[in-house]
Each structure stands twice: as C-alpha cells, then as structure tokens.
Amino acid sequence: MTEMTVLNPVHRALGAKMVDFGGWDMPISYGSQIEEHHAVRRDAGMFDVSHMTVVDLRGVRAREFLRQLLANSVDKLKVSGKALYTCMLNPAGGVIDDLIVYFLDESHFRLVVNAATRDTDLAWIRQHAALFGVQVEHHPELAMIAVQGPNARSKASSLWPAELAARALALKPFSATREGALFIARTGYTGEDGFEITLPGTDATALWRRLRGAGVQPCGLGARDTLRLEAGMNLYGQDMDASTTPFEAGLAWTVSLDEGRDFIGRAVLERQQREGAPRQMIGLVLDEKGVLRHGQSVHTAQGAGEILSGTFAPTLGKAVAFARVPAGDTGTVSVDIRGRQLAVRVVKYPFVRNGQACAGVSLAIAAAC
Amino acid sequence: MSEIPGDLKFLKSHEWARLEDDGLVRVGISEHAQSQLGDLVYVELPGVGDMVQIGSACAVVESVKAASDVYTPVSGTVVEVNDALSDKPETINEDAYGEGWIFAVKPSNPEDMEALLDPDAYAELLDEEDAH
C-alpha cells in the first residue's frame, strides 16, 4: 500500500511530479530539478522528508544498548543535542541501515532511520533493546522538513520567536535543540548548511507555507539525490546494503573500533581491518559528455566493478559517480556506456561542498574541501 | 498539455516526425516525452550519412533521471543533425516540436509516414497512459 506524508496534498497543489519512493508517494520535482538543485547551492530550498522514521529510545541503559547496536561510538556524544552519523550492522558486518543518533539525555536518545528500511530496522532495534530494558517508540505522527542552502538558516529562523531563533542559529553543526515537540537540528543531506526540522504532522503544512513565504524553494527527491551525491553522501540500498561492510562503502570514518566495545558486526570489521576489505568504493568523474548511471560496469587494473550511484552533477556540469571495485590500485579506469568504453578519473569525494567544486574534481582550479 | 501541432505524426514510443516541403522528415521527441524525462543534460546524435531502419534506435536523450533511446519513425539516410543540442540539450525541454528537433532523414520509403499516429490518435494514447 502506498504511504503518504502529511504534506502530500501540498505537493500535489504545487503541481509536483510524484513518484513511488520505497512505498511512499513523494515529489520528485515541482518543475525543473536542476533549478531546485541550484536553489539549494545558491540560496535556500526545502524538502519534505517526513517519510523518514523517527524512533525515540528511553531507558536508563539506553547508552549501553547503543554501544552494542551501532558501529560508531555513542560515547562521542557528551552534550545534550549532539548528533552522530553511524551504521547499524548485522553480525556479518553488513549494513542494515545508516542513521543519525541524537543524545538528548542519559535515558533518552533519538534515532532517525531510512523509510525504506523502517520495518526491518524497528524489528532489529526492538529485538536488541529488549535485552537492555529500553523502550522503542516509533513516531509516525511527526513530520520532517529539511531546509538547506547558504541562506537556509537565516530564512528558517526568521519565522521563530527571538529566543528560539537565537538558539537555533547558535547550533553547532551536527547538533539539535528542542522547543516542546519542535526539534531543530543543524544537519542535512546536501553538502550545504541548514536545518532538519522535526515537528508534529499537524504543524507541518503551516511551516511549509511560512517557509515558502520566506523565499525557500520547494525541492523534490530528484534534486535531493543530485545534491547528496555531489556532497559525497551514501544512499542506503544503492551505495551499501546488508551484504556490504562500511569499509567497502567508503564509511570507515563512521566506524569506531574503540577498546572494549563489543558492537554487532565488530569481529568482521576487525578482520577486514587486519586483512583488508576485498572491495572499495571510489569516486569517479566523467570529463566527456555522457551520464554515469547505476549498474554500468567499471573496468580497473584489479578487475571489474560497477557504478552504484551515478548522475549528472548540475553544479559541475558533468557526470559523477560512486563505484564499487576490487581493492587495490585501480590504475586507469573506464566505464561501459552503451557498449563504449569511456575514460573516467578517480577522485576523492565530496565532489562539491558549500556551493564549490572540490579540488581535483573539476579540471580547473577549485576549492579545497 | 499544450496543443500538438497538426502537421506532426508520432510513434507510440513518443517520437514525432514532420514531413517537410523538401521531402525530408524531421524527427524529435514529444512534449510529453520531454516532460516525463525532465531536465535534459545530454543528447547522443546519429552521424550524418547513417542509414537508419524504421523503429531502430539511432539517438539517445539523457535527462538527470534517465537515458532514453530515440527511434526513427522512418527509414532512410540521416542528412542533418541538430548539433546545437550538444551544448544546449535543454532546448528539447523548451521547444520540443521546434528548435528541439534531433535529426532529419531523407526517407527511402515515403509510405512509412502513413503508418504513424496522427495527432488525435497520439493524444488518445497519452490519455490511455494517464488512465493507468
């Protein structure tokens, strides 16, 4: 059955093109996907991300539970409101989901997990939480609006009372503040500054309208995908899944092999760290005309691989991609596009940060990231 | 949806064909096709002089979202290609039935045009697709 967010009628009234996204009826764009992309890079755009799953964990052993559940270390979270990006692994080290965990207080943490994996995630979390006496509360009544872009924070905070606006503007990256059921986090999935705002679904339409009134451009999942790929951020189900470890998905930076913390999947990650993971994820740029796409085969000196996420990158005016290929020196790399072998460059990603191409991504001089 | 020009004929796969006074058949993709694809970012053109068979893929249009083959509505020889699309593929989004043409064929079998859908039949096809 198709699920809808509370903002669904608003999208339809705006004339959005709707698509099925993991069982949700969501806007892919409201007009030009490329213009929506540029609005976020240059000014401010907003996304309905109410399909994301918000889960509150309550119980005195919540931190202890998360030490076991997550591959990153919740012990890094010391100040209330602080957030951490992490994977949740199966015993084989495969990624069940990637998520953000917020520390609110010692008996209250909040997780935001993906929509497409909601049922699997909830079952997995509940199964392990029970052993720690931790309550798992799913909050489908909450909506979420991501406001992103260089002017996003000032435009959004202009709608709030002075005290709250000041508190929101004072947030450090990857931290959140609360005002009743309103939850404002300085996080995002675009490579730009901004907020992800969680609030009761009953308040979402009013906030959406006020943001529009403040000059924030509605943006669909199409722009969200090109923005996050330019920003070098993984998409669950496309760049990694339960058969991929974080080391094979460019997510080693999210794994904490801190001493004495026996998290699920750790043994496999330790072995891969010792012996090396068999596969690696690399960033690719195509300088010729053409578009890199999911499923295209990639040839390297170490053997064949494939494109995971690939797209035309509007900020760069050329195609970029993530590919999973055998470990080791890739040598010269080419991609098969409709039977033609096109040369691609292997580059460090992110491809774009804060509106600018990163060093090495464009052939021209670019900003360091 | 905007009006479909009366001098066009269509393939079910959303290509249009226009028989011109000099006997050439100009080919593009329909307004509906460009709207479904969204922002176009790349067009792979056929070569001038290529022999093409009715219904065969001879160009590719790519949007941010997807790549789509363009099938020729008539057999013949490609005599012109719209080189301007290499730098401005978005012309197809802006003017699918005019400046956004993709290639022109000197038809080897003028009767090919008769087998194509007229604007009313094409509009009906779009209505049926919408109903699904």
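Rule-based calculations on the coordinates, nothing more; no lab input. What you see is a predicted model, and the numbers here were worked out from it, not measured in a lab. Cβ sites come from the backbone with ideal geometry, for glycine too, and all protein chains shown count toward neighbours.
Quick notes
- When the convex hull of its Cα atoms is viewed from all sides, region B:78-128 shows a mean projected area of 4.7 nm².
- In whole angstrom, the protein assembly as shown maps to an equivalent ellipsoid with semi-axes of 45, 27, 20, each derived as √(5λ) from the alpha carbon gyration tensor and ordered largest first.
- Pair A:Gln273, A:Asp105: separation of 7 Å Cα→Cβ label points (nm): 3.4 nm
- With Cα atoms as the point set, region A:278-369 shows a radius of gyration and Dmax of 12.5, 36 Å.
- Remark: mean inter-chain Cβ contacts per residue of A:30-36 equal 3, using a 10 Å Cβ-Cβ cutoff to other protein chain atoms.
- Within the same chain, lysines fewer than 8 places from A:Lys76 are excluded, and of the rest, those with a Cα less than 29 Å from its Cα are A:Lys172, A:Lys348.
- A cut-off of 5 Å between modelled amide H atoms, ignoring neighbours fewer than 5 places along the same chain, links A:Lys318 with A:Ala313.
- Alpha carbon convex hull of region A:11-92, projected area averaged over orientations, nm²: 8.9 nm²
- Kyte-Doolittle at least 1.0, axis length at least 30 Å by Cα - qualifying DSSP helices, chain A: none
- Nearest-20 debye value, chain A charge dipole, Cβ charges on Lys, Arg, Asp, Glu: 680 debye
- Kirkwood hydrodynamic radius computed over chain B comes to 14.6 Å, based on all pairs of distinct alpha carbons.
- Using the rule -39500 (n - 2.57) for each DSSP H run of four or more residues, divided by the residues of the protein assembly as shown, the 222 nm mean residue ellipticity is -6000 deg cm²/dmol.
- Computed over chain A: relative contact order in percent, which uses C-alpha pairs under 8 Å that are six or more apart: 18 percent
- Interchain or long-range residues, amide H under 5 Å from A:Gly81's placed H: A:Phe103, A:Leu104
- Gaussian network model of chain B, springs between alpha carbon atoms under 10 Å - residue of B:Gly38, B:Gly28, B:Gly76 with greatest fluctuation: B:Gly38
- Think of each Lys and Arg Cβ as +1 and each Asp and Glu Cβ as -1; about the Cα centre, that makes the dipole of region B:9-109 roughly 420 debye.
- For residues of A:220-226, the mean tally of beta carbons on other chains within 10 Å: 2
- Think of the protein assembly as shown as a dipole: +1 on every Lys or Arg Cβ, -1 on every Asp or Glu Cβ, centred on the Cα centre; then among A:Pro27, B:Ala67, A:Gly250, A:Gly250 lies furthest on the positive end.
- Take each residue of peptide A:246-255, count the partner chain Cβ atoms within 10 Å of its Cβ, and average: the result is 0.
- Taking 20 Å as the limit for the C-alpha separation, the pairs A:Lys289/B:Lys88; A:Lys289/B:Lys12; A:Lys155/A:Lys318; A:Lys289/B:Lys65 exceed it in the case of A:Lys289/B:Lys12; A:Lys155/A:Lys318.
- In terms of packing, defined here as the mean over residues of other Cβ atoms within 10 angstrom, the peptides B:46-58, A:73-85 line up highest first as A:73-85, B:46-58.
- Computed on chain B, with alpha-carbon pairs under 8 angstrom and 6+ residues apart, the relative contact order is 29 percent.
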